[in-house]
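Each remark here refers to the structure printed beneath this line.
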Amino acid sequence: MRKAYAKAAVAICAMVVLAGCGKENSGGGTKVAASFATPRDAVKTMTEALKAQDRDTFLACFVGTEPEMALAQVMFDFSREGGAFRDTMIDRHGQQAWEKFQDPAGGGARINLFGGKDPAVWLTTLSFEEEGDTATCADPEESEKLPLVRERGQWRVKAAALAPPKVDPQQLAGVMRRAAEVVRKYRKRLEEPGVDLAKLDKEMGREIFKALTTGE
């Protein structure tokens, strides 16, 4: 079961869009124009809100139980921490240092930028199927489909889909929260004078792995 939580957390991390700073809202990012008129609109709004770090709009894209919505919040928080890490790395050490950190050949940590895909391009690859007040979103590279539901004429993503079957969303949120704390810890380390980035990379990778595989 522990492996299941780690696998689910890694999958969520791979979805994360990292964003820079923008106009202030409750998420600290740029307010995006939201539309929930169609399933595609809902998924597009979700993606753009996460990229822009617009917490209120991102959470408005989901419907679910309290634990499921809490997982959506943690997903957003992880994205924000990752974005802050990237920005601090570039500000303090330059773009080249960030690209070296992201190089998997380094053998350490890596902050995944939307699975390495451009969000705008990724959205064009999705297909949707509607049946009454339910719909699914299919990614050609993924086996699982994202379920949506229409309530009062507005489409929302079912937050239950953030946790794979048999994986408790509350416990998964705890795993993701620990991973976010590791990213926050090492972001502060980036500001230390004379920090060894190669060493930091490997240490951070070990701690994130531990966060994703320890406890349930």
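All of the numbers you see were taken from the coordinates with simple rules; none came from a lab. Worth saying up front: this structure is predicted, and the values here are computed from it rather than measured. Counting neighbours? That spans all protein chains shown, and the Cβs are built from the backbone with ideal geometry, glycine included.
Quick notes
- Amide hydrogen neighbours beyond the local backbone of K31, cut-off 5 Å, H modeled: K23
- Net +/- balance of residues flanking D196 in space, Cβ distance below 14 Å, scoring K and R +1, D and E -1: +1
- The phi-based Karplus calculation (6.51 cos²θ - 1.76 cosθ + 1.60; θ = phi - 60°) puts the 3J(HN,Hα) values of region 38-53 at 9, x, 4, 4, 5, 5, 5, 5, 4, 5, 5, 5, 5, 5, 7, 6 Hz, whole numbers, x for Gly and Pro.
- On full extension, the segment bounded by E142 and R206 gains 20.3 nm, given 0.36 nm per residue less the C-alpha separation.
- Magnitude of the charge dipole, region 149-205, Cβ model with Lys/Arg +1 and Asp/Glu -1, debye to 20: 340 debye
- Per-residue extension of 0.36 nm, minus the Cα-Cα distance of D56 and L123, leaves a gain of 22.0 nm for this segment.
- For V167, no residue has an amide H sitting under 5 Å from its own, ignoring neighbours fewer than 5 places away on the same chain, with H placed 1.01 Å from N.
- ³J(HN,Hα) computed for each position of region 180-187 - Karplus, 6.51 cos²θ - 1.76 cosθ + 1.60, integer Hz, glycine/proline x: 5, 5, 5, 4, 5, 4, 7, 5
- Table column - 3J(HN,Hα) (Hz), region 56-64, Karplus curve with 6.51, -1.76, 1.60, x for Gly and Pro: 4, 5, 4, 5, 5, 6, 10, 9, x
- Rg/Rg_globular for region 34-162, with Rg_globular taken as 2.2 N^0.38 Å and Rg from C-alpha atoms: 1.18
- Each Lys or Arg adds one and each Asp or Glu subtracts one; over the other residues with Cβ under 12 Å from the Cβ of E207, this totals +4.
- Residues whose placed amide H lies under 5 Å from that of F62, excluding near-sequence neighbours: V157
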